[in-house]
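Working notes, structure below.
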Amino acid sequence: MTTTRQSGFTLLEALVTIVVISIGMLGLLGLQTFSLVNTQLSAARSQATIAADNIADRMRANPAGVDINAYDQIDNPSAASAAPRSCRAGASCTPSAMAAYDAWAWDKSIADQLPGGRGKLSCTTTDGSRCVRYRVQITWNERQRNTDTTGTGSQPITFETMVRP
């Protein structure tokens with residue numbers, strides 16, 4: 001009785017193992033990429049929420065400006081003009097000048113923190129002649145996995161909330 005030795009069987013097992021491990025690693029890489037994209041999207045949405053709170057706090061700090069509706073119909077003021085005169089401590093400032101500076105600084109911070117960021121503020125509910133509820137819209141561009149038809153690879157996203165001064 002003669003015994004025959006098989007050769008190459010261990011090599012075949014090693015190749016199959018490498019293929020299985022490679023497929024598993026590709027799956028983990030895809031999961032990591034998906035997690036990273038969602039973390040970036042979440043961070044941008046958090047920045048938008050903070051920006052909405054920021055303008056609401058600025059309005060609460062300037063009730064005279066709210067009373068004269070100086071915060072109504074604000075639409076991307078930092079893109080259109082240079083910074084208005086700042087109303088710092090010790091400087092005389094009207095409520096409307098304070099509102100103009102608040103709107104510019106708020107919109108500028110959105111543009112600095114979010115890609116293509118811009119802010120919009122409009123009155124939705126009035127009590128007589130005074131606005132008591134505002135719509136805050138913050139728009140920015142989020143990156144997509146696949147490029148859109150324009151080839152830019154971004155999609156405009158709008159975060160919208162209501163605030164009461």
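The values are calculated or read from the model by the stated rules, or taken from the named source; none is laboratory data. A quick note: this is a predicted structure, and the numbers were derived from the prediction, not measured. With ideal geometry, Cβ positions are generated from the backbone for all residues, glycine too; neighbour counts draw on all protein chains shown.
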Cβ pairs under 7 Å, 6+ apart, first in segment 118-133 and touching a residue at least 60 places away in the same chain (Cβ under 8 Å), second part of a loop (DSSP other than H, G, I, E, B): Gly119/Asn76; Leu121/Tyr71; Cys131/Asn69; Cys131/Asp72
Output for segment 7-64, where each listed residue is farther than 30 Å from Arg130 by Cα and not in a helix (DSSP H, G or I): Ser7, Gly8
Enumeration of residues in segment 92-118 that are touching a Phe, Trp or Tyr at 6+ places or on another chain (Cβ under 6 Å) and buried (at least 18 other Cβ atoms within 10 Å of the Cβ): Ala99, Leu114, Gly117
Hits in segment 1-59 (condition: over 22 Å from Glu142 (Cα atoms), modelled with pLDDT of 90 or more and among the charged types (D, E, K, R)): Asp57, Arg58
Residue within segment 72-82 that is farther than 21 Å from Gly116 by Cα, of a type in the set (A, V, I, L, M), within 27 Å of the chain's Cα centre (by Cα) and not in a helix (DSSP H, G or I) present: no
Segment 108-136, subset within 20 Å of Asn62 (Cα to Cα) and of a type in the set (S, T, N, Q), residue modelled with the lowest pLDDT: Ser129
